[in-house]
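A short worksheet on the structure shown next.
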Amino acid sequence: EFCKKLSLMLFEKGALLNDQYVSIPTEAQWEYACRANTTSRWFFGDREEDIVDYAWISSNSKDDLKPAKLKKPNQWNLFEMYGNVSKWVLDNFSLYENIADYLIDPVFVDEQSKLKMARGGAFSFPARECRSASREVIEIDNPFNETTGLRPVIII
């Protein structure tokens, strides 16, 4: 609903074309943007200790949110892909059925589901839970999702 209203507002201001709209990314879109053409555990490589240069996690956040853009971005200049807040994605919770599911964009949206997916980890997560491939299940009706946010994208 937020994305629909933002799309309308931006369209009325001339910031979006007729076929463009605001959405939240699917899991696959988020991971593609996060990885930025890399295949390592994190977009910066496989050394866990390096994550503190790129993310606010349990070891360096003092268990609190931080302002954006204080850490290094990925290769596509995207900040906050790991840590600070988990990023809510379009997909509802689902298990990957087989290896082919990792190679395509298996969008799973079920209006009846009470479970959504989030990606990237949060300020209270250890580094291992903030990898490019890490997935977090969140309850839609949980009023205590203080570690979850969203990153709208423009679909063109």
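Structural remarks
- Pairs, first without any contact (Cβ under 8 Å) to a residue 60 or more places away in the chain and within 13 Å of E27 (Cβ to Cβ) in region 130-151, second of a type in the set (K, R) and buried (at least 17 other Cβ atoms within 10 Å of the Cβ), C-beta under 8 Å, six or more apart: S134/R119; E136/R119; V137/K116; I138/K116
- Of the residues making up region 129-156, those that are in contact with a Ser or Thr (Cβ under 8 Å, 6 or more places away or on another chain) and either aromatic (F, W, Y) or closer than 21 Å to I51 by Cβ (or both) are S132, E136, T147, T148, G149.
- Total residues in region 41-71 satisfying the condition of being touching a residue at least 24 places away in the same chain (Cβ under 8 Å), in a loop (DSSP other than H, G, I, E, B) and on the phi < 0 side of the Ramachandran plot: the figure is 13.
- Whenever a residue of region 87-99 is within 16 Å of I138 (Cβ to Cβ) and modelled with pLDDT under 90, its partners that are part of a helix (DSSP H, G or I) and among the acidic types (D, E), lying with C-beta atoms within less than 6 angstrom and at least six residues away or across chains, give the pairs D91/E27.
Residue-by-condition table, conditions (1) charged (D, E, K, R); (2) open to solvent by less than 70 Å² (accessible area, probe 1.4 Å); (3) modelled with pLDDT of 95 or more:
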{"residue": "A33", "(1), (2), (3)": "no, yes, yes"}
{"residue": "F43", "(1), (2), (3)": "no, yes, yes"}
{"residue": "A55", "(1), (2), (3)": "no, yes, yes"}
{"residue": "I104", "(1), (2), (3)": "no, no, no"}
{"residue": "E111", "(1), (2), (3)": "yes, no, no"}
{"residue": "K114", "(1), (2), (3)": "yes, no, no"}
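- Residue that is least open to solvent (accessible area, probe 1.4 Å), among those in region 57-87 that are polar (S, T, N, Q) and within 17 Å of N37 (Cα to Cα): N74
The values are calculated or read from the model by the stated rules, or taken from the named source; none is laboratory data. Keep in mind that what you see is a predicted model, and the values were worked out from it rather than measured. Note that we place each Cβ from the backbone using ideal geometry, even for glycine, and neighbour counts take in every protein chain shown. All accessible areas refer to the heavy atoms of the entire protein, side chains included, with ligands and DNA or RNA removed. Shrake-Rupley method; radii C 1.70, N 1.55, O 1.52, S 1.80 Å.
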